[in-house]
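Peer 1: Just passing along the structure, written as C-alpha cells.
The values are calculated or read from the model by the stated rules, or taken from the named source; none is laboratory data. If you're wondering where the values come from, they're calculated on a predicted model, not measured in any experiment. For neighbour counting, all protein chains shown are included, and Cβ atoms are generated from backbone atoms with ideal geometry for every residue, glycine included. Ligands, DNA and RNA are excluded from the accessible area calculation, which covers all protein heavy atoms including side chains. Shrake-Rupley method; radii C 1.70, N 1.55, O 1.52, S 1.80 Å.
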Amino acid sequence: MERIVQILLITAAVLMIIQGFLHRRKHEKDHSHSSFGHKHDGSVFSIDFYAYASRLRTWSPKYKAVFSMVCLLCCIICDNIYVSCAVILLMAYITVVMGGLPFRRYLSLMTIPLVFLFFGCVAIAIGFSGSPSGDFNLHLGFFYVYTSKESLWETLELITKALGAVSSMYMLTLSTPASEIIAVLRGIHMPKLLVELMNMIYRYIFLLMDTQCRMKNAAVSRLGYCDFKTSCVSFGQIASNLLVVSLKKGNAYYHALEARCYDGELRFLEEEKTVSAMQTAGALLSVSLLLCIWRLTV
Amino acid sequence: MAVNRLIEKMEQEVILQVRDLQYAYSDEKMALKGVDLDIRQGERIAVMGSNGAGKSTFFLNINGVLQSEHGEIFYRGQKMTKKTMNDLRKNVGIVFQDADSQIIASTVQSEVSFGPMNLKLSRNDVRDRVDEALSYMNLTDFRHRPPHYLSGGEKKRVSIADIIAMHPEIIIFDEPTAALDPVNADMLEEVLEKMAQEGKTIMISTHDVDFAYRWAERVVVFCDGKIIADDAPLAVFSNETVIRQANLKRPMMLDIFETMREKGLVKDDRSYPKNVEEFKYCI
C-alpha cells in the first residue's frame, strides 16, 4: 500500500513540475504582469507584489484562509510523511499553476524556511557520544558524531511536516493581499486595536521604506556612503531623521483623518467575494484525498 | 460682465462665515491674527500668500480639525461649537497637499470609502458614492490597487476622490499642483472646471499667480496671519502694495496685455483677457 502512495506522489510531483514549466513558457509569450507601475526589490515587497498579481486574488479571502488552515492542521494532526508531501505538492500546484506565480520565484521564496528548517533539524538528526553508536558514525578525535536510520527518517518526517505547514501559509500569503487577510482577522473578531494597528503598520511600512530610500539617495549623492566610517555616521543620521519625520508625519496623518470625520475607529468598505461551488468541491476533494492518503498509510 | 457675475455671486447664500478667527500653535507665535471671511455658494476662491502666512492653519480651522479659543465660525448661519464640529467636517472637505499623508487604507476602494463610512451611511450608499467618486476621477480600473503601486498623479486623484465621495459643500485644495507634472496639472484643472460647472464651492491655495488669475473669481491674500486683500483677481494683482507685501508676482498675461495696450497694439475697452483664448480674441 505504501509503495502505491509513494509512486503516486512522485508522479504527481513530476507532472506538476512539467505543467508549471509549460504554463510559464506560455505566459512568457503573453506577458501579463505589466499592469503595475513599479516594482520594489526585497522579499517583503515581492511577496506583497505577487499577492496582488496572483490569479487567485478573485477568490474569497475567507475561503483561502479556511482552506489553508485546514491543510495546515491536516499536516500537523496526521503527522504522516505522505500527507505532508501531498500538502506540499498541492499547495505548490495551487500557488504556481493556478495562481500563476513563476516557479523559480516560488522555489526561491521556499528556500527561506528551508534554510531554517535544515539547521534546526541537524540538531535532531545527529548526536554526540564517546563511543561508536547508531547506524552511521563519524570519528572526530575525542568524540563520535552519530546518527541512525530511525532518527534520519524522523527528521525527514519533521521537515516535510513543517514544510507542508509553511507552504499552506505561503498559499494564503502569496494569493491574498495583506488588507484582505486583515479583513478576515476582523471577521473572526480579533481585537479592534490589533486589526487597526495592522492596517496602519502595513500602509506605513511602504511610506517609511520610501522615505528612507529617498534620504539614503540624498546621502549617497553627497558622498555620505564613501567609506565605512562615513556610512555609519550617515546611517545613524538617517535613522534619527526618520524618527523625527515619522513624528511629524504622524501629526499630518491625524489631521487628515480628523478632516474626514475620524472618530477613533477605522472603517473601510470591504469587498464581499463569493465562493463558487467548484471551489467548495475542490477544497472537499483535496481534504478527502489527504485523509485517504492518511488512512492508506497508517 | 465680470462685475455682473461678481454681484450675482454676492447675492448667493453665504455658506461659511468666519469672524475674528485667531489661532496659536504655541503661546509665543500667533498663526492666525484675526481673520474675517465669507464664503458664498458656488464661488471659486484662490488663496494666496507666502509660506507660513497661515493658509493651511486657516483651512484646518474652518474644517474643524483645529479648534480656536478665539473667534467664531458660522455654517449656514449656525454658530459652530465643539459639539457641532462634525457638521463642519462633513461639509468642508480638504484635499491635502501631500497625498501620501492623506491616504491610509491599503486599496484605492477602501481608501475612498473611509469618509463615507465615517458619515455612517448604509453599505449600499457607501458603495454608490465610492463608485461615483472613482468614475469622476477616472479611477475605476484602479479600484483594487494598493496605494504604494500608484504614481504621484494617480495618488493625487485618489486623494481628490476621497473628498468627492463625502459630498462636501466646500472643497478646499491645499496647493494641489505642487507635485504634479504638466499633464496631471491640466487634468486637475479640468476636474476643477467640471466641479465649478456643477456649482461646487471651491477654495484653492496656490503659489501659481497665472493659475489664480485665469481660474479664480476671487483672490484672498494671506500675509502674516491676516487677510490683506480680498477682491477680484484683477483688482488684487493690480495692487502694487499687496503684491509686494505678500511676496507675489504679477500674472504674465496681465503684464503682456498692459504692455500691448500701452503700445496701442490692442483695443482699450477695459476688458482684460484671462487666458490665451481670450487674449487671441482681443488682438
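Peer 1: Given the range B:197-283, what strands (runs of 3 or more DSSP E) lie entirely inside it while holding 2 or more residues that are of a type in the set (S, T, N, Q) and under 19 Å from the mean Cα position of the chain (by Cα)? It would help to see each step written out before you state the result.
Peer 2: Numbers: elements: B:201-205, B:218-223, B:226-231.
Hits in the range B:197-283: B:201-205.
Peer 1: Got a number for residues in the range B:149-163 being surrounded by 23 or more Cβ atoms within 10 Å (Cβ to Cβ) and either within 12 Å of chain A (Cβ to nearest Cβ) or more than 14 Å from the chain's Cα centre (by Cα) (or both)?
Peer 2: 7
Quick grid of which residues meet (1) basic (Lys, Arg); (2) without any contact (Cβ under 8 Å) to a residue 12 or more places away in the chain; (3) more than 14 Å from A:Met169 (Cβ to Cβ):
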{"residue": "A:Ile76", "(1), (2), (3)": "no, no, no"}
{"residue": "A:Tyr82", "(1), (2), (3)": "no, no, yes"}
{"residue": "A:Ala86", "(1), (2), (3)": "no, no, yes"}
{"residue": "A:Leu89", "(1), (2), (3)": "no, no, yes"}
{"residue": "A:Ser108", "(1), (2), (3)": "no, yes, yes"}
{"residue": "A:Phe119", "(1), (2), (3)": "no, yes, yes"}
{"residue": "A:Ile126", "(1), (2), (3)": "no, no, yes"}
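Peer 1: Considering only residues of the range B:94-148 that are among the small types (Gly, Ala, Ser) and more than 7 Å from chain A (Cβ to nearest Cβ), which is nearest to A:Glu271 (Cα to Cα)?
Peer 2: Kept after step one, since they are among the small types (Gly, Ala, Ser), are these residues of the range B:94-148: B:99, B:101, B:105-106, B:110, B:113, B:115, B:122, B:133, B:135.
So of that shortlist, the ones also more than 7 Å from chain A (Cβ to nearest Cβ) come out as B:99, B:122, B:133, B:135.
On the way: B:Ala99: 24, B:Ser122: 15, B:Ala133: 17, B:Ser135: 18 Å.
Among those that are among the small types (Gly, Ala, Ser) and more than 7 Å from chain A (Cβ to nearest Cβ), it is B:Ser122.
Peer 1: Scan the range A:244-272 residue by residue and report those that are surrounded by 13 or more Cβ atoms within 10 Å (Cβ to Cβ) and hydrophobic (A, V, I, L, M, F, W, C).
Peer 2: A:Val245, A:Ala252, A:Ala256, A:Leu257, A:Ala259, A:Cys261, A:Leu266, A:Phe268, A:Leu269, listed by residue number.
Peer 1: Sticking with this structure for a sec: Is one or more of the residues making up the range B:66-73 over 20 Å from A:Lys248 (Cα atoms) and under 19 Å from the mean Cα position of the chain (by Cα)?
Peer 2: Quick first cut of the range B:66-73, residues over 20 Å from A:Lys248 (Cα atoms) only: B:68-73.
Checking the rest, the ones that are also under 19 Å from the mean Cα position of the chain (by Cα) come to B:73.
Yes, the range B:66-73 contains at least one residue that is over 20 Å from A:Lys248 (Cα atoms) and under 19 Å from the mean Cα position of the chain (by Cα).
Peer 1: While we're here: On the given criteria, is A:Asp30 open to solvent by 80 Å² or more (accessible area, probe 1.4 Å) and at pLDDT 85 or above?
Peer 2: Values: open to solvent by 80 Å² or more (accessible area, probe 1.4 Å): yes; at pLDDT 85 or above: no.
Criteria not met by A:Asp30.
Peer 1: Tell me whether the range A:273-282 contains one or more residues that are within 24 Å of A:Met198 (Cα to Cα) and surrounded by 12 or more Cβ atoms within 10 Å (Cβ to Cβ).
Peer 2: Quick first cut of the range A:273-282, residues within 24 Å of A:Met198 (Cα to Cα) only: A:273.
Remaining after also requiring surrounded by 12 or more Cβ atoms within 10 Å (Cβ to Cβ): A:273.
Yes: one or more hits.
Peer 1: What pairs come out if I take residues in the range B:53-77 that are within 14 Å of chain A (Cβ to nearest Cβ) and pair them with residues that are surrounded by fewer than 16 Cβ atoms within 10 Å (Cβ to Cβ) whose C-beta lies under 7 Å away, six or more apart or interchain?
Peer 2: B:Gln67/B:Lys82
Peer 1: When you go through (1) of a type in the set (A, V, I, L, M); (2) in contact (Cβ under 8 Å) with a residue 12 or more places away in the chain; (3) closer than 20 Å to B:Lys55 by Cα one by one for B:Ile243, which number turns out not to apply?
Peer 2: The failed condition is (2).
Peer 1: Restricting attention to the range A:165-176, does a residue exist that is within 14 Å of another protein chain (Cβ to nearest Cβ) and closer than 28 Å to B:Tyr149 by Cα? Working first, answer last.
Peer 2: The first filter runs over the range A:165-176 and keeps only residues within 14 Å of another protein chain (Cβ to nearest Cβ), leaving A:175-176.
If we keep only those that are closer than 28 Å to B:Tyr149 by Cα as well, we get A:175-176.
Yes, the range A:165-176 contains a residue that is within 14 Å of another protein chain (Cβ to nearest Cβ) and closer than 28 Å to B:Tyr149 by Cα.
Peer 1: For A:Thr58, indicate whether it is open to solvent by less than 40 Å² (accessible area, probe 1.4 Å), among the hydroxyl-bearing types (Ser, Thr, Tyr) and assigned by TED's automatic domain parsing to the domain that holds A:Leu285. First the steps, then the outcome.
Peer 2: On the way: open to solvent by less than 40 Å² (accessible area, probe 1.4 Å): no; among the hydroxyl-bearing types (Ser, Thr, Tyr): yes; assigned by TED's automatic domain parsing to the domain that holds A:Leu285: yes.
Against the criterion (open to solvent by less than 40 Å² (accessible area, probe 1.4 Å), among the hydroxyl-bearing types (Ser, Thr, Tyr) and assigned by TED's automatic domain parsing to the domain that holds A:Leu285), A:Thr58 does not qualify.
Peer 1: May I pose another question? Are any residues in the range B:130-188 in contact with a Phe, Trp or Tyr (Cβ under 6 Å, 6 or more places away or on another chain) and at pLDDT below 90, and if so, which ones?
Peer 2: Narrowing the range B:130-188 to residues in contact with a Phe, Trp or Tyr (Cβ under 6 Å, 6 or more places away or on another chain): B:148-149, B:164, B:172, B:174.
The answer is B:His148, B:Tyr149.
Peer 1: Does at least one position in the range A:272-284 carry a residue that is within 13 Å of chain B (Cβ to nearest Cβ), under 26 Å from the mean Cα position of the chain (by Cα) and not in a helix (DSSP H, G or I)? Steps first, answer last, please.
Peer 2: Filtering the range A:272-284 for residues within 13 Å of chain B (Cβ to nearest Cβ) gives A:272-273.
Next, only the ones that are under 26 Å from the mean Cα position of the chain (by Cα) stay: A:272-273.
Filter once more, keeping what is not in a helix (DSSP H, G or I): A:272-273.
Yes: one or more hits.
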